[in-house]
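Peer 1: Below is a structure I'd like to ask you about.
The values are calculated or read from the model by the stated rules, or taken from the named source; none is laboratory data. Because the structure is predicted, anything quoted here is derived from the model rather than measured. Every residue, glycine as well, gets a Cβ built from its backbone with ideal geometry; the counts of neighbours run over all protein chains shown.
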């Protein structure tokens, strides 16, 4: 009897804590409201709904064309064509970022280019990176995709059960393989790993993943890029498709 009560309490706490954790994004950002005077428009294609300020029309059309052009290649190695999704273009902020979320399901692009990013067009890079996240979510969503509450809960479970280096390493790999530059080609991106390796310094997986206030460590973006790249080199381009298929089976068991 006591065991059953403890189990119920644990499940309840798990649900409460997980419901609020549903975003997959590069960094935690404060999403302020847009000015009330903005006029919004939309472009609809078979795969995307592009929502944009009317002043951003030309770039929105370019983003829509780019998304349509790259969707097949971005989805190919995971063997999953994503469902139609809304893409919101935010141009009223100096934040350089992008994210995908299941609560509700959408992606937002913050269109101000990052000063420290690679030399390619910022929006082109966002298209490939964030679209890869969309494919990842749909790949793992299974039959719960499209069911509003269950999909939001699924997003929480995914972020709790799948480490960030898997999401981001795979997405950085996609942007590197499918564009002319990408962070995987930047010397600065691998700086911490290269420096530590050439210096004979070997930190633990946890320290490389979570970072350190004392020592220079790569963090989960470079860590994930090199780990997922090695997986592909050792086991072929379909290895992440196989891994995510197995993850989906395990997650379905946890949710049910």
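Peer 1: Which ones in segment 164-178 are surrounded by fewer than 20 Cβ atoms within 10 Å (Cβ to Cβ) and without any contact (Cβ under 8 Å) to a residue 60 or more places away in the chain?
Peer 2: If the condition is that a residue be surrounded by fewer than 20 Cβ atoms within 10 Å (Cβ to Cβ) and without any contact (Cβ under 8 Å) to a residue 60 or more places away in the chain, then 177 is the only one that fits.
Peer 1: Another question, then. Looking only at segment 104-135, count every residue that is surrounded by fewer than 20 Cβ atoms within 10 Å (Cβ to Cβ) and not in a helix (DSSP H, G or I) and tell me the total.
Peer 2: 11
One line per residue, one yes/no per condition, for (1) modelled with pLDDT under 90; (2) surrounded by 12 or more Cβ atoms within 10 Å (Cβ to Cβ):
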residue: 144; (1), (2): yes, yes
residue: 147; (1), (2): yes, yes
residue: 192; (1), (2): no, yes
residue: 202; (1), (2): no, no
residue: 208; (1), (2): no, yes
residue: 213; (1), (2): no, no
residue: 223; (1), (2): no, yes
residue: 231; (1), (2): no, yes
residue: 243; (1), (2): no, yes
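Peer 1: Yes or no: residue 55 surrounded by fewer than 17 Cβ atoms within 10 Å (Cβ to Cβ), without any contact (Cβ under 8 Å) to a residue 40 or more places away in the chain and part of a helix (DSSP H, G or I)?
Peer 2: yes
Peer 1: If a residue counts only when it is farther than 23 Å from residue 119 by Cα and touching a helix residue (DSSP H, G or I) at 6+ places or on another chain (Cβ under 8 Å), which helices (runs of 4 or more DSSP H) contained entirely in segment 136-241 have at least 2 such residues?
Peer 2: Filter on segment 136-241 gives 148-161, 164-178, 205-210, 220-235.
Peer 1: Quick one: is residue 67 buried (at least 18 other Cβ atoms within 10 Å of the Cβ), touching a helix residue (DSSP H, G or I) at 6+ places or on another chain (Cβ under 9 Å), under 29 Å from residue 140 (Cβ atoms) and at pLDDT 85 or above?
Peer 2: Answer is yes for this residue.
Peer 1: Scan segment 124-135 and report the pairs whose first residue is modelled with pLDDT under 95 and whose second residue is in a helix (DSSP H, G or I), with Cβ atoms within less than 7 Å and a gap of 6+ or a chain change.
Peer 2: Filtered contacts from segment 124-135: 124/66; 125/175.
Peer 1: So, one more: Restricting to segment 90-103, name every residue that is part of a strand (DSSP E or B), in contact with a helix residue (DSSP H, G or I) (Cβ under 6 Å, 6 or more places away or on another chain) and modelled with pLDDT of 90 or more.
Peer 2: Those that are part of a strand (DSSP E or B), in contact with a helix residue (DSSP H, G or I) (Cβ under 6 Å, 6 or more places away or on another chain) and modelled with pLDDT of 90 or more: 98, 100.
Peer 1: Given the options 83, 106, name the one that is at pLDDT below 95 and within 14 Å of the chain's Cα centre (by Cα).
Peer 2: Testing whether each residue is at pLDDT below 95 and within 14 Å of the chain's Cα centre (by Cα) leaves just 106.
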